Amino acid sequence: MSLAIHGGAGLISKDHFTDKELTEYRKGLREVLDRSKQMWLEGEEAISIVIECVRLLEDNPLFNAGKGSVLNSQGVVEMDASIMGPSSTHENYWGAGVSGLTQVKNPIYVANELRKMNQHSLLSGEGARNFAKNLGVKHLAPDSFITSKRKLQFQNFLKNKEITLDHGSVSSDKPYQEGQTVGAVCLDKKGNLAAATSTGGMTGKMDGRVSDSAIIGQGTWAHAKTLAISATGTGDHFIQICFCHRVHMRMLYEKLSLEQAIQEGLDELASIGGNGGAVAVDLEGNVSLLFNSGGMFRACFESKTGRETLDIF
Ligand code: ASP
């Protein structure tokens, strides 16, 4: 079994945090890592493990998903999520994403219900919100998603009119923007892979903007022959280069290793001005945690080597 989680990547550095904040982030990641290892020991499937990891991170207001999501240009929380894993009716894996959810406590549940239908790949806007309502998943009042840090970021956006990664831009009049997109990947005991991602997107994004985190092949991907991967960073750049799917193609047809394939993807990303990273596992249980930005909130467990990592920079 191998498992990796992320809580976002971006142009971050140690100076942007107090020790107390860093401790809180590490605590959040540790909780998820411990819970997922326990689920693995109990023989749970990869798909259930990644859902639970993302659910815990969505519920933690430090991260930019579920509670704690960033605000769009209208000052509203609009959340995206996607998930991919083995399918009951298709030989290959099936993935689905949702975009523009507003009051759903756990967007990853909604994406997973769509995935299980094996029919559509992406639902957005009003249709996605109605789908979530009809599912009966928990909804919360809009205000309960918004933390004081997010309000501050939004005020900065109104001043500077600059669309930023939640953690992306730093200067004296722009306090460090913490809380990040979340994701998880897993290879389970049966050899099945799964990947999931959830985000509030970028501060000041246009309303209706769809992020890579909602789109199969861009921010999330899992395939029976290669890998499971969840990306984070400047999503529009990831979309331009079909980031996750291209990593899969490099492994499948160019026979690159997991790390080589992701490194090439990140180089391509940098060449068009993007930054970020990804967590991924392959069929042999190798884990990759590469990023080309200042840091990525990340943790992993690799059972074949016993390697365990929990790091930010
Ligand atoms: N990829 C996300 C987006 O573009 C942001 C992130 O990963 O932090 O909305």
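With 10 angstrom as the radius, rank C244, C300 by how many other C-beta atoms surround their C-beta, starting from the fewest.
C300, C244
Give me the distance between the Cα centres of region 1-45 and region 272-313, rounded to whole Å.
Cα centroid of region 1-45 versus Cα centroid of region 272-313: 11 Å apart.
Under 8 Å for C-alpha pairs, at least 6 residues apart: give me the relative contact order for region 47-167, rounded to a whole percent.
26
To the nearest 20 debye, what charge dipole does the chain have about its Cα centre, counting +1 at the Cβ of each Lys and Arg and -1 at the Cβ of each Asp and Glu?
480
Would you kindly state the longest site-free stretch of the chain, with sites defined as GluC sites (Glu not before Pro) in a DSSP loop (not H, G, I, E, B) surrounded by at most 15 other Cβ atoms within 10 Å?
Of all site-free stretches, the longest is 163-253.
Any idea how far apart Q119 and F313 come out in nm if each label point goes 7 Å out from Cα toward Cβ?
5.0
So for the pair Q38, K14, with labels modelled 7 Å out along Cα→Cβ, what separation do we get in nm?
Rounded to a tenth, the inter-label distance reads 3.2 nm.
Which whole-number percentage describes the relative contact order of region 192-306, with Cα contacts under 8 Å and a sequence gap of 6 or more?
Relative contact order comes out at 21 percent.
Placing +1 on the Cβ of each Lys and Arg and -1 on the Cβ of each Asp and Glu in the chain, which of V182, C242, N60 has its Cα farthest towards the positive end of the resulting dipole?
With unit charges placed on the Cβ atoms, the residue in question is N60.
Provide the gained length on full extension for the span S144 to K304, in nm with one decimal, where the gain is 0.36 nm per separating residue minus the Cα-Cα distance.
Going from the current span to full extension adds 53.4 nm.
Where does each of S211, S198 land when they are ranked from fewest to most other beta-carbon atoms within 10 angstrom?
Ordered from fewest to most neighbouring Cβ atoms within 10 Å, S211, S198 come out as S211, S198.
Roughly what % of Cα-Cα distances in region 195-280 sit above 14 Å, to the whole percent?
Across region 195-280, Cα pairs with separations above 14 Å total 58 percent.
Note down the nm distance, to one decimal, between modelled labels 7 Å out along Cα→Cβ at Y253 and at E21.
About 4.3 nm, to one decimal.
Calculate how many DSSP beta bridges within the chain are antiparallel, expressed in % of all such bridges and rounded to the nearest 5.
95
Shape call for the chain from the C-alpha gyration tensor, a ≥ b ≥ c root eigenvalues: rounded (a/c under 1.5), prolate (a/b greater than b/c) or oblate?
It comes out rounded by the Cα gyration axes.
Using the charge dipole of the chain (Lys, Arg: +1 at Cβ; Asp, Glu: -1 at Cβ; taken about the Cα centre), state which of G277, S257, V110 has its Cα farthest towards the positive end.
V110
Please find the FRET efficiency linking N130 to Q240, where r is the Cβ-Cβ separation and R0 is fixed at 30 Å, and quote it to the nearest 0.05.
So, using R0 = 30 Å, E works out to roughly 0.50.
Placing +1 at every Lys and Arg Cβ and -1 at every Asp and Glu Cβ, with all other atoms neutral, what dipole size does region 183-313 have around its Cα centre, in debye to the nearest 20?
Around 280 debye, computed over region 183-313.
Find the relative contact order for the chain and round it to a whole percent, using C-alpha pairs within less than 8 Å whose residues are 6+ positions apart.
26
Shape verdict for region 1-156, please, from the Cα gyration tensor: rounded (a/c under 1.5), prolate (a/b greater than b/c) or oblate.
oblate
If you add up the charges near Y253, with Lys and Arg at +1 and Asp and Glu at -1, over every other residue whose beta carbon is less than 13 angstrom from its beta carbon, what do you get?
Net charge in that neighbourhood comes out at +2.
Counting other beta carbons within 10 Å of each Cβ, put T220, T226, T89 in order, fewest first.
T89, T226, T220
No lab work stands behind these numbers, since they all come straight from the coordinates. These numbers were taken from a predicted model, which means no experiment stands behind them. Cβ coordinates were reconstructed from backbone atoms using ideal geometry, including for glycine residues, and neighbour counts include every protein chain displayed.
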